[in-house]
Amino acid sequence: MFRYARPAYRSLTRQLSTKQTTGLFGIPAHPDPLPALQQTYKQTLNMLGSVPSNSVYRQSVEASIAHKLGVIESAKGDVVAVENQLDEGQIEQVLMAAEDELNLVGKMIEWKPWEPLAEKPPVGQWEYFKE
């Protein structure tokens, strides 16, 4: 008897545990944020394949995303645990930041900041704190 009621119970608890609002103006609550976040991170990693592997940008973004994906997988679907471990605000804000990073990867591929400068910088341009 309980075996047949289990799917209905899971569906009901998922509906009850889904938040209705973020409480932040202009940011609606996402109905299922963790799969969307994972998908965005995986798309970002795929796009990073176009960036040279010795690029500091690629290395730092890959390390950051690997950490975040590990947090998501270890939380086993618990959104609150992911929010607490990442400590980057609500999950919708984390998703927005992930989408921004995905867009930035496209811009970085276009800009190619890892290539040498077209013109040599003026002498002393990168020296800020000389005694």
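The values are calculated or read from the model by the stated rules, or taken from the named source; none is laboratory data. The shown structure was predicted, so the numbers you read here are calculated from the model rather than taken from an experiment. No Cβ is skipped: glycine too gets one built from the backbone with ideal geometry, and neighbour counts run over all protein chains shown. When the accessible area is computed, the model is the full protein with side chains, heavy atoms only, and any ligands, DNA or RNA have been set aside. Shrake-Rupley method; radii C 1.70, N 1.55, O 1.52, S 1.80 Å.
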Placing +1 on the Cβ of each Lys and Arg and -1 on the Cβ of each Asp and Glu in segment 75-120, which of Trp114, Leu104, Gln93 has its Cα farthest towards the positive end of the resulting dipole? Trp114
Longer than 23 Å from Cα to Cα, which of Lys76/Lys107; Lys19/Lys107; Lys42/Lys68; Lys19/Lys42 are they? Say none if no pair is. Lys76/Lys107; Lys19/Lys107; Lys19/Lys42
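For a quick protection proxy, order the peptides 108-118, 31-41 by their average other-Cβ count within 10 Å, most packed first.
Averaged packing, sorted descending, gives the order 31-41, 108-118.
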Ser74 accessible area, 1.4 Å probe, all protein chains in place, Å² to nearest 10: 70 Å²
Please give the charge dipole size of segment 37-94, origin at the Cα centre, charges +1 on K and R Cβ atoms and -1 on D and E Cβ atoms. Round to the nearest 20 debye. 280 debye
Kindly provide the Kirkwood hydrodynamic radius of segment 65-131 in Å, to one decimal, from all pairs of distinct alpha carbon atoms. 15.4 Å
Val80 versus Val123: modelled label distance in nm, points set 7 Å from Cα along the beta carbon direction: 6.3 nm
Per residue, accessible area of segment 26-83 with a 1.4 Å probe, heavy atoms of protein chains only, in Å², comes to 54 Å²
Additional length obtainable on full extension of the chain from Gln59 to Asn46, 0.36 nm per residue less Cα span: 3.3 nm
Within segment 38-77, DSSP-loop trypsin sites (Lys or Arg not before Pro) with at most 14 other C-beta atoms within 10 Å are Lys76
